[in-house]
Amino acid sequence: MRKEFLDMKVRFLMTLIVMIAIFLSLMPLKNWVVELLEKNESVINRYVGSNFVKELKDWSFYIYSQWFGKNFGQLVPIIGIIFAFPLFSREVENGTIEFLLTRNTRGKVFLSKLIVSSSLLIGTILLLCILPMIYTFVMSIRFNPKYVPILTLHVLVGAVLWYSITLFFSVAFSDQVKSILSSFAVLAITTVIGIVKYTKFMNTYSYIMGIKNAHALGISYLMASLFLVYSSWVIFKRREF
Amino acid sequence: MILMVKNLSKVYKSGTGVRNIDFSVEKGEILAILGPNGAGKTTTLKCIIGLRKPNSGSIVLSGKYSYLPEEKNLYRWATVSQMLKIAENYTKDFDFEKAQRILGDLRIPLHEKVANLSHGQLTSLYLSITLAQNADLYVLDEPTWGLDPLSRSYILDEIRKIPLDEKSVLYTSHIVEEVEKTADRVIILKSGVLVEKGVIDEIKERYVAIRVKKGERMRGFLYKETDEEDVYIVKKDGNSGTNYEPASFSMIVEAMMRGEIG
């Protein structure tokens, strides 16, 4: 498992650094954003709503809308994809899969990769979810954490779903480019299809960035994730190298 | 017996692969698989260790194996020292000190990154990891390919020592002289078919070189032509009355690789 961690170290740290940098650059911009929007209040009122600028002055609303509802929320599927795309495809592409499979059973190789990468993903997502609470506490800013638990749940489920989709491609393909491109293609297609009312469930963003109780959808996403992880295992078990 | 392979067939969509291969490896024996590129040597080894699934046939491996692949790919981001630690973590019964000793003897720097190693050094590192694993059967695919003469000699010595502990070696090579010095028995593959097997001296007994007048045709492989005579490699059976001389192992293998002999 040490090797798996070393393998993921750069991706994990880079993701964490980039996301923390985005968060830290977002927070001091609050007053500037509000001022900018106030200057154009008439336009904002017409298109976004009359209370938006007023509400944005509130730290809680700013964090929920700009962090969970925008910057972090939009990147959740991409974080899931980044953590999963090279897991198996890179080993096959670089020929190192033979080193692993001739020293351990396929089950152990699959599990060690799954455990390390999913633990780091969940850890990263949790940290990014509680980041606003840590920041507001340190900076003595009033923040109502009422929606943090539900958003954390949604974000986690979304990240796990995209991680599982990419894991499947990573096992199925022998090169990293195919696995990452396939995942992004699925993300783009499902988001576009999700615009239609009857296939709204395909747009995972509305779930990831939403605060409505959507347990049925969340459970469906989790079931789909489990199915994808199991399918990945079946392909890995049967695949020739 | 440590390995028994019966009627092994593995055919790819392209039509290449191996067909009806039969052989066994005894305890304390070195068995070499000889053959040109594309003969099916690597496919045979990969089927034995489970990386490829045979279409038919049976493989019985009684014990642990240690494998050196044809492509010596290791983690390029790691240093040699880190690579040994990774191997130790991933491998049961790994002798870390033995791996370090082999690397020291082959003068591979421990602090060097795997990405910076030459092909020969990478092969040496992979060999040190493979040989440091305590196994009953060492499956080595082209173990000396890309090594300098000193390293090759050192590695062949290490391979020859393996049977002293009642352990076995199954290895592939296309260097006939090397196989002749190292292996107890050989099997020869050509285009996925086993064309000859046995103890090297016995194989040498089965074939002879016959000199005939220039232009005189006979059933066998025309190995060499001179101004006055032709030299054929033929099976000894059925040529008892002919004037023949012993053929070297490399002549026999070359004849098998290049054309039919019989």
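In segment B:186-219, what trypsin sites (Lys or Arg not before Pro) fall in a loop by DSSP, with at most 10 other Cβ atoms inside 10 Å?
On the way: sites: B:190, B:197, B:204, B:206, B:211, B:213, B:214, B:217, B:219; in loops: B:214, B:217, B:219.
Sparse-neighbourhood loop trypsin sites (Lys or Arg not before Pro): B:214, B:217.
So how exposed is residue A:19, as accessible area in Å² (1.4 Å probe, rounded to 10)?
Estimated to the nearest 10 Å², residue A:19 gives 10 Å².
Can you tell me the length gained on complete extension of the stretch residue A:212 to residue A:178, counting 0.36 nm per residue apart and subtracting the Cα distance? If you can, show how the numbers build up before the last one.
Details: separation 34, 0.36 × 34 = 12.24 nm, distance 3.49 nm.
Full extension of this stretch gives 8.7 nm more.
Assuming R0 = 45 Å, can you tell me the calculated FRET efficiency for the pair residue B:211 and residue B:71, based on Cβ-Cβ distance, to the nearest 0.05? Display every interim value, and only then the final one.
Details: r = 43 Å, r/R0 = 0.96.
My answer for the efficiency is 0.55.
Helix B:80-90 sits at what angle to the longest principal axis of chain B, using alpha carbons and giving 0 to 90 degrees rounded to 10?
The angle comes out at about 90 degrees.
Greater than 22 Å separation of Cα atoms is the criterion. Which listed pairs, B:64/B:197; A:113/B:85; A:108/B:92; B:46/B:167; B:46/B:113; A:3/B:46, meet it? If you can, show how the numbers build up before the last one.
Values: B:64/B:197 25 Å; A:113/B:85 18 Å; A:108/B:92 13 Å; B:46/B:167 20 Å; B:46/B:113 28 Å; A:3/B:46 24 Å.
Violating the 22 Å Cα-Cα cut-off are B:64/B:197; B:46/B:113; A:3/B:46.
Take peptide A:97-110, look around each residue's Cβ out to 10 angstrom, count Cβ atoms belonging to other protein chains, and average those counts.
Mean partner-chain Cβ count within 10 Å for A:97-110: 5.
Where in segment B:51-86 is the amide nitrogen less than 20 Å from a point lying 7 Å along the Cα-to-Cβ axis of residue B:12?
The answer is B:51-57, B:68-73, whose backbone nitrogens lie closer than 20 Å to the label point.
Buried accessible area between A and B (1.4 Å probe, both chains summed, ligands and nucleic acids excluded), in Å² to the nearest 100?
2200 Å²
Roughly how crowded by other chains is peptide B:60-67, in terms of the mean Cβ count from those chains within 10 Å of each of its Cβ atoms?
1
Modelled label-to-label distance, residue A:58 and residue A:226, 7 Å Cα→beta-carbon offset: nm?
Going from the residue A:58 label point to the residue A:226 one covers 3.8 nm.
Quick one: angle between helix A:30-39 and the longest Cα principal axis of chain A, in degrees between 0 and 90, rounded to 10, please.
Tilt relative to chain A: about 50 degrees.
Using only protein heavy atoms and a 1.4 Å probe, report how much of residue A:42 is accessible, in Å² to the nearest 10.
The value for residue A:42 is about 80 Å².
Just counting partner chain Cβ atoms within 10 Å, what average do the residues of peptide A:2-8 show around their Cβ? Don't jump to the answer; show the numbers that get you there.
Values: counts 6, 9, 2, 0, 6, 4, 0.
Mean number of neighbouring Cβ atoms from other chains: 4.
In terms of solvent-accessible area of protein heavy atoms at a 1.4 angstrom probe, what is the ranking of B:58, A:65, highest value first?
Per-residue accessible area, sorted high to low, gives B:58, A:65.
Could you tell me how many degrees, from 0 to 90 and to the nearest 10, lie between the Cα long axis of helix B:96-105 and the main elongation axis, the longest principal axis, of the Cα atoms of chain B?
Value to nearest ten degrees: 60.
Calculate the tail of P(r) for segment B:204-258: the fraction of all Cα-Cα distances greater than 18 Å, expressed in %. Walk me through the numbers on the way to the answer.
Numbers: 344 of 1485 pairs.
It works out to 23 percent of all Cα pairs.
The values are calculated or read from the model by the stated rules, or taken from the named source; none is laboratory data. Because the structure is a prediction, the values reported are computed rather than measured. Cβ sites come from the backbone with ideal geometry, for glycine too, and all protein chains shown count toward neighbours. Areas reflect the complete protein model, heavy atoms only, side chains present, ligands, DNA and RNA absent. Shrake-Rupley method; radii C 1.70, N 1.55, O 1.52, S 1.80 Å.
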